[in-house]
Amino acid sequence: MATRPRKPIDPPEAERPGEDEEEPIEILEVVGVDETTGAVKKGRERGDAASGAPAAPQGKRAALQARQLDEALREKDKYYDLLLRKQAEFDNFRKRMEREREEAGSGAARDILKRILPVLDNMERALRASEGSGEPFYKGIEHVHQQFLDLLKKEGVRPVDALGARFDPHLHEAVEVLDVPGFEPDVVLEEMQRGYTHNDRLLRPALVKVASGKGPRHAPPAGLNPEGRSSGEES
């Protein structure tokens, strides 16, 4: 009996190693979720996965921030104090400059006034020489003299009281000391040249003759009483 040839059977494929094994699941990160809102919690400290170092404690970070805040506050106070000092220095500088400018202007005005005073002295000498003449020339000089005095008064110039007053070294300059009877010491007997002040500062001292008080106490000269007042002054 004839037999048919059989079809060769393919050999079974060899099993590949690891084919039936399950691949491991890698957990990358576990994120905390708020149970009420479902939002992912932020600010969670994580350790370094590579080095295995633990996360820094929350208390250390708060202490570091507190130190940084204290340093910033101290720095702020230092610069604020420096600002106040600089402002005070600038105010003092501004006031000093204004004072120096005023003094410079006042000094220039005083120099001009000092140069004018001899002209006023000559005008008064001319008036004394022509006093009682009744001439028109005398009246004209008298009118100009009064205008001159009014102008000086507006500029702060005032005459110094001398005749019959007590000698004041801040206002008077003694050119002679006389032993005149009937007068107390340091009484001004005669005014040789009138003195003036400018804005309460001495512009020119008055040149005067002063009683020494050493003479016998007799009757005083005409025009002055023993207390140093002129006869026309009211007590």
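The values are calculated or read from the model by the stated rules, or taken from the named source; none is laboratory data. What you are looking at is a predicted structure, and each value in this text was computed from that prediction instead of being measured. Neighbour counts run over all protein chains shown; Cβ positions are idealised from the backbone, glycine included. Calculation scope for accessible area: heavy atoms of the full protein, side chains included, ligands and nucleic acids excluded. Shrake-Rupley method; radii C 1.70, N 1.55, O 1.52, S 1.80 Å.
Values computed for the structure shown
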| read-out | value |
| --- | --- |
| Meets criteria (open to solvent by 90 Å² or more (accessible area, probe 1.4 Å) and assigned to a helix (DSSP H, G or I)) for ARG115 | yes |
| Candidate set: the range 138-163, residues that are in a helix (DSSP H, G or I) and of a type in the set (A, V, I, L, M, F, W, C); chosen: the one least open to solvent (accessible area, probe 1.4 Å) | LEU152 |
| Any chance LEU149 is closer than 21 Å to ALA109 by Cα, modelled with pLDDT of 90 or more, touching a Gly at 6+ places or on another chain (Cβ under 7 Å) and hydrophobic (A, V, I, L, M, F, W, C) | no |
| Filter result for ARG96 (over 30 Å from VAL144 (Cβ atoms), open to solvent by 100 Å² or more (accessible area, probe 1.4 Å) and part of a helix (DSSP H, G or I)) | no |
| Of all residues making up the range 164-212, the number that are of a type in the set (Gly, Ala, Ser), part of a loop (DSSP other than H, G, I, E, B), over 24 Å from LEU113 (Cα atoms) and in contact with a Pro (Cβ under 9 Å, 6 or more places away or on another chain) | 2 |
| Looking only at the range 118-136, and only at residues there that are over 18 Å from GLN147 (Cβ atoms) and in a loop (DSSP other than H, G, I, E, B), the one that is nearest to the chain's Cα centre (by Cα) | GLU131 |
